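Okay, structure first, notes after.
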Amino acid sequence: MTATILVTGGAGYIGSHACLALLQAGYAVVAIDNLCNSHARALERVRQLAGRDLHFVQGDIRDAAALGRLFADHPIAAVMHFAGLKAVGESCKKPLLYYDNNVLGTISLLQAMERAAVKRLIFSSSATVYGFPERMPIDEEAPLAAYNPYGRTKQMIEQMLGDLCLPTAQDGWQVALLRYFNPVGAHESGMIGEDPGGIPNNLLPYVTQVAAGRREWLPVFGNDYPTADGTGVRDYIHVLDLVDGHLKALQKLETLPEGEGFCRAWNLGTGQGYSVLEMVRTFEQVNGVAVPYRIMPRRDGDVASCWADASRAKTELGWVAKRDLATMLADSWRWQHNNPDGYR
Ligand code: NAD
Ligand code: UDP
């Protein structure tokens, strides 16, 4: 029988790619999203690409009645939980909004799962839980030290999920904590991709909007970091590789005996860091478009460097990131070029 997976935040950037990958892998998909940072058109395109339908509910994960109906109406086997707010700067201005949406939203989801006796969960965590790490690359045993409200919501949720899986807790939850490094890229069709509202916070959407002429120049935040060229270094990972990691984690949970408590964190990154200027130059070379930039002061709260030791995911999930930087940057540009105004 085909297993049904609930995808929260399914219309979002990573969630829409996950819905497509699940459909292509033969799962049935139910998606819930309140569309606060996304567009239902993303899921129309997912249906088109997959040549299969999925069930979409426009709703909020904090709405217990909506979740109750959803679990009553569908035989959900596991949940991929992407729904959440993710802008670090906004989380510093409006911490309560983040604790409400991310932490209370997750509690509401877990309560609905408990009522429906669904115990398998894959959670979107983030490398931001490591704070300012002492050593590179970062492995999963590095201390958790998130330093902004967004990161702290992820850390709190991780801790809560860990508590659900303690041997003393009787419920037998099975949880994968996936700590993403920097997701970029888009499906190779150029039909689904990242569509941030307003001024992009993240590097890649900013770069593609400058390349498309929507913005004049890229602000490069600081060139005096202790890195090879002075600009910040990150571990960029193709969204399709990231989503493949979710399928591998799901398969891992599916092998566990029901009722056996399990909670494990895995880094999802390539293990390779690139600086902001390397990203700009490679983007220009691969896509043949100019990306004017200006060096600006450092952005508050940025670490100099951050890249993953992803060997645990390789050993335990049989997962490695396969797509190189050129592919990530070509796919990001194809999406932006084909959809200058995103889904609008
Ligand atoms: P996104 O904003 O594109 O997707 C999140 C989706 O959740 C959106 O469609 C939004 O409308 C929906 N949503 C938010 N709150 C909701 C609620 N209360 N009820 C229902 N739907 C709700 O972001 P994304 O980049 O796809 O990120 C997905 C997850 O991965 C998030 O939890 C994010 O924190 C995490 N993450 C993202 C990154 C990144 O750089 N993109 C890095 C690390 C972790
Ligand atoms: N960055 C930049 N200009 C921008 C956005 C980001 O120079 O407009 C830099 C940022 O300082 C960091 C890197 O690009 O070194 C990645 O930033 P992003 O916000 O994409 O990810 P995160 O900070 O979460 O790692």
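The table below lists the values:
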{"read-out": "Helix-only CD estimate at 222 nm, as mean residue ellipticity for the chain, using -39500 (n - 2.57) per DSSP H run (n ≥ 4)", "value": "-11000 deg cm²/dmol"}
{"read-out": "Rounded, prolate or oblate (a/c below 1.5 giving rounded, otherwise prolate when a/b exceeds b/c) for the range 37-114 by Cα gyration tensor", "value": "oblate"}
{"read-out": "Value of relative contact order over the chain, rounded to a whole percent, pairs C-alpha under 8 Å and six or more apart", "value": "19 percent"}
{"read-out": "DSSP-defined antiparallel bridges as percent of all bridges, the chain, nearest 5", "value": "5 percent"}
{"read-out": "The range 101-192 - Rg and Dmax from Cα coordinates, angstrom", "value": "15.3, 48"}
{"read-out": "The range 188-300: proportion of alpha-carbon pairs further apart than 25 angstrom, %", "value": "38 percent"}
{"read-out": "Within the chain: Cβ-based charge dipole about Cα centre, in debye rounded to nearest 20 (Lys, Arg +1; Asp, Glu -1)", "value": "460 debye"}
{"read-out": "Sites matching GluC sites (Glu not before Pro) across the range 250-344 that sit in DSSP coil, with at most 14 neighbouring C-beta atoms within 10 Å", "value": "E258, E260"}
{"read-out": "Positive minus negative residues near C92 (Lys, Arg vs Asp, Glu; Cβ under 15 Å)", "value": "+3"}
{"read-out": "Pairwise centroid distance, computed over Cα atoms, of the range 238-314 with the range 1-55, Å", "value": "21 Å"}
{"read-out": "Cα gyration tensor category, rounded, prolate or oblate, for the chain with a/c compared to 1.5", "value": "prolate"}
{"read-out": "Fluctuation leader among L121, L110, L20 - the chain, Gaussian network, Cα springs under 10 angstrom", "value": "L110"}
{"read-out": "Restricting the range 106-185 to GluC sites (Glu not before Pro) in coil, as DSSP defines it, with at most 14 other Cβ within 10 Å", "value": "E134, E141"}
{"read-out": "Positive dipole terminus of the range 185-344, leading residue within G301, A290, G261 (C-beta point charges)", "value": "A290"}
{"read-out": "Unsatisfied cross-links (Cα-Cα over 26 Å) in the set K94/K252; K93/K119; K119/K248; K119/K322", "value": "K94/K252; K93/K119; K119/K322"}
{"read-out": "Environment charge of G193, counting only residues whose C-beta is closer than 9 Å and scoring Lys/Arg +1, Asp/Glu -1", "value": "-2"}
{"read-out": "Cβ-isolated cysteines (cut-off 4.7 Å), the chain", "value": "C19, C36, C92, C306"}
{"read-out": "Selected from M279, M328, M136 as most flexible by GNM, with the chain as the system and alpha-carbon contacts under 10 Å", "value": "M136"}
{"read-out": "Three-way shape label, the range 241-306, alpha-carbon gyration tensor, a/c 1.5", "value": "prolate"}
{"read-out": "Fluctuation leader among L256, L109, L23 - the chain, Gaussian network, Cα springs under 10 angstrom", "value": "L256"}
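Any read-out appearing in this document is the output of simple, stated calculations on the displayed coordinates, not a laboratory observation. Everything numeric in this text was worked out from a predicted model, so none of it was measured. Cβ coordinates were reconstructed from backbone atoms using ideal geometry, including for glycine residues, and neighbour counts include every protein chain displayed.
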